[in-house]
Amino acid sequence: MCNNLLLIAAAFLWGFSKMTKSFEMILIGRFLCGFNSGLGCCLHGQYLGEISPKKRRGFTSVTLSLFVNMGKCIGQIAGLSELLGTESLWPLLMAIGGIAALLQLVTLPFLPESPHYLLIQKGDREGCQKALKQLWGEGNHQEAIDDMVKEQATMKKIKPINVLELIKDRSLRCQLCLLIIIGVTIQLSGINAIYFYAFDVFRTAGFAQDRIPYISLGAGICEFLSSILCSLIIDKFGRRMLLLWGYGLMAFVLVLLTTILSLQHQFFWMPYCSIALIFLFIFIFATGPAGASFPVIVELFTQSSRSSALTISMSLHWVGLYVIGMIFPYIMKSLGTFCFLIFTGFISVSWILIYRFLPETKGKSIMEIKAEFNHLNFRKKYAQSMGENPPDKHTTCTKL
């Protein structure tokens, strides 16, 4: 609720910046909006991951990607010259986000606190049961409560651990490595480079500059529709499969795009193939890795470490976006169309690591997922335990 006040303040500064002829108001508004976005992504993902049943956790968590893409589309549509993208109306265009923040500020008091937070950190069992009934309806929710109780019993600390403690915690070492791999790969997958390069591709294809915003809008709509598709299939096919198939197909498309861009001056129809491949790349990215990455990150960590994990993930996201935006023009200038092969290499390495170490998290409780990682985080102890007294895998992992 407090986070929404930042965006409302930013919208106020933007809306009156032209009237007061103050570019400082725009800069301060951008800073507040950036702070709101960074914090909002962490809060959005954590809250939705904790209030959803495990069978629908993927669908709910994907809404982060879905609504981000919807916001892009609304911004692109509102920013057209026929609507608010004019010299006189741009302050109103920038201030639109304040309406969504105000709406959220008004509706949030009617929503319950996270059941996981109430039971695990506050010890409020009655409040947890009340929140579950409000969120999931009447019924028997004892299984979900039992999973929370198990998670609470195995936590080393009741209070949340900070980022430094998370990095030092050996029991979360493998999960942390996967978080970094998934977070870095999103930025090094080439999707941001595609967006940076798209204007040049569209212009090379012969489209007039005043038509390019409409083509870019088409790419935004493609990404939004792909996010909807991802939300419908993620709980059926699983996060791991979407990541593997998505990155595999993206690497293949990047190789094709590099080939076609190298030949785009040989045939008049080659630039149109480039555009088709860009749309295909965006579709694969939004349907697979973009949608599946965030649910995986939410599910890899327990209540005490999840907030710090999301802080690391979002930091990697924003820093990676900034770095790619700064250095990609120089890479493109040095390597030309072959610059996309660098991203192909990163995707290939990440695909191998994800295939080797990431288990499927679909439909599993947080403690079941944690148990699968114990034999990786404590490999030596796990091997000794198996040699001395070979119980079943789940029992050994839970004990360790």
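Classify the chain: rounded, prolate or oblate, from the alpha-carbon gyration tensor (a ≥ b ≥ c, eigenvalue square roots; a/c under 1.5 rounded; otherwise prolate if a/b is larger than b/c)?
On the way: a/c = 2.19, a/b = 1.34, b/c = 1.64.
Oblate.
With axes computed from alpha carbons, what is the tilt in degrees of helix 379-388 against the longest principal axis of the chain, rounded to the nearest 10 within 0 to 90?
Result, in degrees: 30.
Assigning unit charges at the beta carbon (Lys, Arg +1; Asp, Glu -1) and nothing else, what dipole magnitude in debye, to the nearest 20, does segment 1-124 show about its Cα centre?
On the way: 9 positive and 6 negative charges, 65 e Å.
I would put it at about 320 debye.
Choose one of L217, G363, N4: the residue whose Cα lies farthest towards the positive end of the charge dipole of the chain (beta-carbon charges +1 Lys, Arg; -1 Asp, Glu; about the Cα centre).
G363
To the nearest 10 degrees, how steep is helix 97-107 against the longest Cα principal axis of the chain, on a 0 to 90 scale?
Compared with the principal axis, the helix lies near 30 degrees.
Along the charge dipole of the chain, Cβ charges K/R +1 and D/E -1, which of F67, I297, L280 sits furthest on the positive end?
The one lying farthest along the dipole's positive direction is I297.
Where does helix 57-78 land angle-wise versus the long Cα axis of the chain, in degrees 0 to 90, nearest 10?
Helix 57-78 sits at roughly 20 degrees to that axis.
Run lengths n ≥ 4 of DSSP H only: what is the helix-derived mean residue ellipticity at 222 nm for the chain, with -39500 (n - 2.57) per run over all residues, to the nearest 500? Intermediate results must be reported in sequence, preceding the final value.
Numbers: 19 runs with 307 residues, N = 400.
One gets -25500 deg cm²/dmol as the mean residue ellipticity at 222 nm.
Using all Cα-Cα distances in segment 166-303, what percent lands in each 5 angstrom bin from 0 up to the longest?
Binned Cα distances yield the sequence 2, 10, 18, 19, 17, 13, 9, 6, 4, 2, 1, 0.
Between their Cα atoms, which of K18/K333; K54/K168; K55/K150; K236/K370; K122/K362 are more than 25 Å away from each other? Before the final figure, lay out each step's value.
Details: K18/K333 37 Å; K54/K168 28 Å; K55/K150 18 Å; K236/K370 21 Å; K122/K362 27 Å.
Beyond 25 Å: K18/K333; K54/K168; K122/K362.
Output the peptides 279-291, 16-28 sorted from most to least packed, where packing is the average of other Cβ atoms within 10 Å over each peptide's residues.
On the way: 279-291: 23.7, 16-28: 13.5.
Taking the mean over residues of other Cβ atoms within 10 Å, the ranking is 279-291, 16-28.
Quick one: putting +1 on the C-beta of Lys and Arg, -1 on the C-beta of Asp and Glu, what dipole do you get for the chain around its Cα centre, in Debye to the nearest 20? Intermediate values should be presented prior to the final figure.
Values: 35 positive and 24 negative charges, 183 e Å.
So the dipole magnitude of the chain works out to roughly 880 debye.
About its Cα centre, how strong a charge dipole does segment 207-335 have in debye, to the nearest 20, once Lys and Arg get +1 and Asp and Glu get -1 at the Cβ?
Charge dipole of segment 207-335: 160 debye, to the nearest 20.
Just so you know, all these numbers are worked out from the coordinates, no wet-lab data involved. Computed from a predicted model, the values in this text were never measured in an experiment. Positions of Cβ are generated from backbone atoms using ideal geometry, with glycine treated the same way; all protein chains shown enter the neighbour counts.
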